[in-house]
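Read the figures in this text as sums done on the coordinates, not as results from a lab. Being a predicted model, the structure only gives us computed values, none of them experimental. Cβ: placed from backbone, ideal geometry, glycine included. Neighbour counts: every protein chain shown.
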């Protein structure tokens, strides 16, 4: 069997401003559910998805933060974040729902080049 | 080997444009299309920032023509649809910034 | 207490409104699937509901297996065990009986 292609999902939209955040989670979980290799990079406004303490209960919408917390159960263990953007938006990554690795812009480029397919959402 | 081709279709003031700018590197290519073509206007901040990345820059000819961006900065090449296809064959990965 | 009527379920038998769920409703859905609920079933159903509260989604099979393993130990974190309780598609049928939405990544 051919070696599995590696997919990097580049997440760069805020969690509730559009349906793109939900789409990114869906693609990630579906990819993993079908046993494909997938990693995630949160960059720009996408880092806002990692804000701790999201609470969607009163609005009755899906809680993106909680859905991201389920990533390890799909064996999605490599999650990276644009350190500069997290700092700019004051996102407390230590309290984020999922463990992340902080990257510089240069490392983000290296990460992209290390994958076979890039999907920006 | 050429590795990373970016297609940039967001306006220069957008978050997507800035996100793209952050990772563009020498050895990459970027094709400006849609609202991204406005970054090909010479002597603009966006154009200067793009040129400073050292990436190979192109603008999609029909989109430049449509928007009236007829005079493009030196260092930004015009590319047509066939040229875009050729680029996508030359670069093994593509990232869309929209 | 009255059980919800046919219009409370979608075409595939999933409860439309999660708040309509009660253990009696679970028995009703399970009966329609030809499953007799035992304590072993209830353990998994409770776990699925806990999963939903924690992650705001129904698990696909992969996550269900791993979550069961984490919470109930390796003997129960196996697809063969879950298949024995909810034959066919444990993630789909388990979610249905637990009153959760259909898992997204499930055919």
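Counting only alpha carbon atoms, the long axis of helix C:61-72 and the longest principal axis of chain C meet at about 70°. Using the Cβ-Cβ distance between residue B:85 and residue A:5 with R0 set to 30 Å, the FRET efficiency from 1/(1 + (r/R0)^6) comes to roughly 0.90. Which of rounded, prolate or oblate describes the stretch C:38-107 when judged by the alpha-carbon gyration tensor and an a/c cut-off of 1.5? Rounded.
When the Gaussian network model of chain C links Cα atoms closer than 10 Å, the mean-square fluctuations of C:53, C:16, C:78 top out at C:53. Computed from the Cβ-Cβ distance with R0 of 45 Å, the FRET efficiency linking residue B:13 to residue A:34 stands at 0.70. Cβ-Cβ distance of residue C:18 and residue A:102, R₀ of 35 Å, FRET efficiency by 1/(1 + (r/R0)^6): the value works out to about 0.40.
Need the C-alpha centroid separation for the stretch A:10-47 versus the stretch C:31-107, integer Å. If you average the Cα positions of each part, the centres end up 24 Å apart.
Under the shape rule built on the C-alpha gyration tensor, where the axes satisfy a ≥ b ≥ c, the stretch A:15-98 is oblate, since a/c reaches at least 1.5 while a/b does not exceed b/c.
For the protein assembly as shown, with equal point scatterers placed on the C-alpha atoms only and solvent neglected, what are the log10 I(q)/I(0) values from the Debye formula at q = 0.12, 0.16 1/Å, to two decimals? Log-scaled intensity ratios, in q order: -0.87, -1.23. Helix-only arithmetic for chain B: the sum of -39500 (n - 2.57) across DSSP H runs with n ≥ 4, divided by the residue total, places the mean residue ellipticity at 222 nm at -9500 deg cm²/dmol. The label point for residue C:71 and the one for residue C:40, both projected 7 Å from the Cα toward the Cβ, are 1.8 nm apart. For chain B, the relative contact order comes to 38 percent (Cα pairs under 8 Å, sequence separation of at least 6).
Between the helical axis of C:39-55 and the longest alpha-carbon principal axis of chain C there is an angle of about 90 degrees. What is the distance in Å between the Cα centroid of the stretch B:78-93 and that of the stretch B:8-27? The distance from the Cα centre of the stretch B:78-93 to that of the stretch B:8-27 comes to 18 Å.
Extension gain for the segment residue A:89 to residue A:59, taken as residue separation times 0.36 nm less the Cα-Cα distance, is 8.4 nm to one decimal.
If you wrap a convex hull around the C-alpha atoms of the stretch B:4-97 and split its volume per residue, what is the figure in Å³?
It comes to 77 Å³ per residue, whole-number rounded.
Using a Gaussian network model of chain A in which every pair of alpha carbons under 10 angstrom is joined by a spring, one finds that among A:61, A:25, A:100 the greatest mean-square fluctuation is at A:61.
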